[in-house]
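Take a look at the structure set out below.
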Amino acid sequence: MTGRSRIVLFSTCCVLFLAGALAQEEEAGARPVWRFDFSADDAAKRFSKEWSVETKFMTSAATFNVKKDGQEGFLRMDADKATASVVCNPKGFKPSGAPVLRWCWRMVKLPAGADGRFAAKDDQAIGLYVGSGGMFSKRSVSYRWDTETPVGSDGNCAYGGGTIKVKWFTLRNKADKAGEWIVEERNWLEDYKKAWGEAPGEIYLSIACNSQYTGTDAAAEIKWVEFAGE
């Protein structure tokens, strides 16, 4: 083989290698199929139309507001001895084709002494829930920013006399700094099937801020959230 032939062969191999690497990267990286960006110009208007607020244990106050800080927009959640959540029904895609949940969040204030391992302390600054089911039977997976609960912990809990069942995962806790944006990614569909033995049909997405059990206050913010798939 001549020197020129070896150069051509080497170049061809490099091209094929890079092409293969790029193909694998594209296959591994799930693309967004649904997204809500709280920085968008119409975020506040869309939020009021597409999300509903659900409040519980309102001994004081809980609020959800779309805010702007310069060019940066986000949903701000505050709970004072209360629990509240906002809920939407993502549309335009099949849940089975969008197994990845991604979001960007930051903690502002943790509910003091909260610990998801104990029912009497089950508060979080913020939790994201992907679930399915009707009024009397809901099942979901939840990703939480806890206070005392160790990162990597998981468990099961139920509310509403057992009509609402949750498989939860602690992703962050008091060891993580307040006020810093963090991007998370989780295969919610895999977690859901492991927890409940089957894939859901239609789904809902809920974002909650909880402080009623500890009788304290909590605050957090989320910049965007999306479902991604092939």
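The values are calculated or read from the model by the stated rules, or taken from the named source; none is laboratory data. Predicted model, so just to flag it, every value in this text is computed and none were measured. Every residue, glycine as well, gets a Cβ built from its backbone with ideal geometry; the counts of neighbours run over all protein chains shown.
Could you please let me know if Ser60 is under 30 Å from Thr214 (Cβ atoms), modelled with pLDDT of 90 or more and out of contact with any helix residue (DSSP H, G or I) (no Cβ under 7 Å at 6 or more places or on another chain)?
Values: under 30 Å from Thr214 (Cβ atoms): yes; modelled with pLDDT of 90 or more: no; out of contact with any helix residue (DSSP H, G or I) (no Cβ under 7 Å at 6 or more places or on another chain): yes.
Here the answer is no, as Ser60 does not meet what is asked.
Which pairs have Cβ atoms under 7 Å, sit 6 or more apart or on different chains, and link a residue in the range 136-160 that is over 18 Å from Ala220 (Cα atoms) and touching a residue at least 24 places away in the same chain (Cβ under 8 Å) to one that is of a type in the set (Gly, Ala, Ser) and surrounded by 14 or more Cβ atoms within 10 Å (Cβ to Cβ)?
From residues that are over 18 Å from Ala220 (Cα atoms) and touching a residue at least 24 places away in the same chain (Cβ under 8 Å), the pairs are Lys138/Gly131; Arg139/Gly131; Arg139/Ser132; Arg139/Gly133; Ser140/Gly131; Val141/Ala195; Gly155/Gly116.
Condition check ((1) in a strand (DSSP E or B); (2) in contact with a Lys or Arg (Cβ under 7 Å, 6 or more places away or on another chain); (3) touching a residue at least 40 places away in the same chain (Cβ under 8 Å)) across all residues:
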position: Trp34; (1), (2), (3): yes, no, yes
position: Asn65; (1), (2), (3): yes, yes, no
position: Leu101; (1), (2), (3): yes, yes, yes
position: Cys104; (1), (2), (3): yes, yes, yes
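Could you tell me which residue of the range 116-140 is farthest from the chain's Cα centre (by Cα), considering only residues that are in a loop (DSSP other than H, G, I, E, B) and over 21 Å from Asp78 (Cβ atoms)? So that I can check it myself, show each step before the final result.
The initial filter retains those residues of the range 116-140 that are in a loop (DSSP other than H, G, I, E, B), namely 116-118, 122-125, 135-136.
Checking the rest, the ones that are also over 21 Å from Asp78 (Cβ atoms) come to 117-118, 135-136.
Numbers: Arg117: 20, Phe118: 22, Met135: 22, Phe136: 24 Å.
Going through the qualifying residues, I end up with Phe136.
Kindly state which strands (runs of 3 or more DSSP E) lie completely within the range 141-230 and contain at least 2 residues that are among the aromatic types (Phe, Trp, Tyr).
On the way: elements: 154-159, 164-172, 182-187, 204-210, 217-229.
Those strands (runs of 3 or more DSSP E) span 164-172, 217-229.
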